[in-house]
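Student: Right, I'll just put the structure down here and ask away after.
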Amino acid sequence: MKKLLLPLACLCAISVHAATINGEIDVDELPSAKRSSNRYQRGAAEQPAAPPESMAVVYLLGDFPQAMWDNVPKTSELIQRGLQFEVSVMPVTKGAMVVFPNEDETFHNVFSYSPEKSFDLGRYRKGEEPGTVVFEEPGEIAVFCEIHRHMRSTILVLDTPVFTTAGTDGTFALENVPAGEYELVVWYGPGKTSHQQISVPADQETLTVQPAAPGE
Ligand SMILES: [Cu+2]
């Protein structure tokens, strides 16, 4: 009987000893989103919606069981609506496919020149088949629209299954983190991150961390 239980020991440890990591990032470090909408051409027939709020992404680097990699979403959507990308940043795990639906009556043409993944989806509008891209390499993928120069977003391709987007108040929670040693990374905006080592003890259900300032 004891032998039969052994293969499950690892999975049991994850569910029993997984912790939630709470924290709050400094929202004053987030870039202002206001600047981009001012660039929209005057007299244009359609005015863009407010740009998406700047958001921080929080993630852990370390060793994770295969089951955690297997459980991350394989597909995400970055919607274009109101002549804006719906979010300022979208974190995905490497290998994920991103679909780019256009919910506007007008055409968009999403593209990126980022070295980890460059692409050009061509023009399509609401109701047409959206373009898709699979992101295999971790990196910070700057995404634009060829037609509307104010439109911008970032796809953050991560080498980890453990990540979250902080709320607009800066708070975040990383859930189901197995005990272990990790690097906690906060992404505040393009090229702006903080890094720190954290330790998740096996006997703790919640852990509160104070994220380092960007550049550390
Ligand atoms: Cu566009």
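Student: Kindly establish whether residue 213 is aliphatic (A, V, I, L, M), open to solvent by 10 Å² or more (accessible area, probe 1.4 Å) and within 16 Å of the chain's Cα centre (by Cα).
Tutor: No, not satisfied.
Student: I'm checking my understanding of the structure. Among residues of the range 102-156 that are surrounded by fewer than 18 Cβ atoms within 10 Å (Cβ to Cβ) and among the aliphatic types (A, V, I, L, M), which one is farthest from the ligand (Cβ to nearest atom)?
Tutor: Applying the filter and picking the extreme gives 134.
Student: When you check residue 49 against the structure, is it open to solvent by 20 Å² or more (accessible area, probe 1.4 Å) and aliphatic (A, V, I, L, M), yes or no?
Tutor: It is true that residue 49 is open to solvent by 20 Å² or more (accessible area, probe 1.4 Å) and aliphatic (A, V, I, L, M).
Student: Check whether at least one residue in the range 75-85 is away from the ligand (no atom under 16 Å from the Cβ), assigned to a strand (DSSP E or B), open to solvent by less than 40 Å² (accessible area, probe 1.4 Å) and within 13 Å of residue 158 (Cα to Cα), and report yes or no.
Tutor: No, every residue in the range 75-85 fails to be away from the ligand (no atom under 16 Å from the Cβ), assigned to a strand (DSSP E or B), open to solvent by less than 40 Å² (accessible area, probe 1.4 Å) and within 13 Å of residue 158 (Cα to Cα).
Student: Right, here's the next one. Go through the residues of the range 163-185 one by one and say whether even a single one is within 23 Å of residue 109 (Cα to Cα), among the charged types (D, E, K, R) and in a loop (DSSP other than H, G, I, E, B).
Tutor: No, the range 163-185 has no match at all.
Let's see how each residue does on (1) touching a residue at least 24 places away in the same chain (Cβ under 8 Å); (2) under 30 Å from residue 17 (Cβ atoms):
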{"residue": "66", "(1), (2)": "no, yes"}
{"residue": "70", "(1), (2)": "no, yes"}
{"residue": "77", "(1), (2)": "yes, no"}
{"residue": "82", "(1), (2)": "yes, no"}
{"residue": "85", "(1), (2)": "yes, no"}
{"residue": "93", "(1), (2)": "yes, yes"}
{"residue": "98", "(1), (2)": "yes, no"}
{"residue": "102", "(1), (2)": "yes, no"}
{"residue": "107", "(1), (2)": "yes, no"}
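The values are calculated or read from the model by the stated rules, or taken from the named source; none is laboratory data. Note that this is a predicted model, so its numbers are computed, not measured. Ideal geometry is used to build each Cβ from the backbone, glycine not excepted, and the neighbour counts take in all protein chains shown. All accessible areas refer to the heavy atoms of the entire protein, side chains included, with ligands and DNA or RNA removed. Shrake-Rupley method; radii C 1.70, N 1.55, O 1.52, S 1.80 Å.
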